[in-house]
Amino acid sequence: MEERAMGLSRRKFTAEFKAEVVRRLELGASVAEVARACEVNPNVLHRWRRERRENGKKAFPGWGQGRAEERRVAELERKIGQQALEIDFLRRCLQRVEEQRKLQALTGRLLSTSRSSKK
């Protein structure tokens, strides 16, 4: 268990490999025999067989493409959220600048009219 925490990565299997393993099981090979031959944990073989039974040909999408797509969508959603915050911030800044400009224009007119009336 300690070794896994030190950075051992999980092995990845192609959809073709998984399908072939399940086919061997369906042809009557024992789980233990196939597990030894393929160097895969028997529990993994049981899961692959169950996934194939439940999902048919859609059972093995490949090299984790579904998860990669989910990660990409999550990344894009984070980006959209960040951009929405930036747009909000910039909109508020622009609003303050506009308010200050109007205030300066107003106070400038008041100062110019009060100076001209003093002369």
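Every number here is computed from the coordinates shown, using simple stated rules; none is lab data. Every value quoted in this text rests on a predicted model; they were computed, and no experiment measured them. Using ideal geometry, Cβ is built from the backbone for each residue, glycine included, and neighbour counts are taken over all protein chains shown.
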Subject >> Integer Hz, Karplus 6.51/-1.76/1.60 couplings in order for segment 78-86, x for Gly and Pro >> reply: 4, 4, 4, x, 4, 5, 5, 5, 5
Subject >> Efficiency of FRET between Ala105 and Lys79 - r from beta-carbon atoms, R0 35 angstrom, step 0.05 >> reply: 0.35
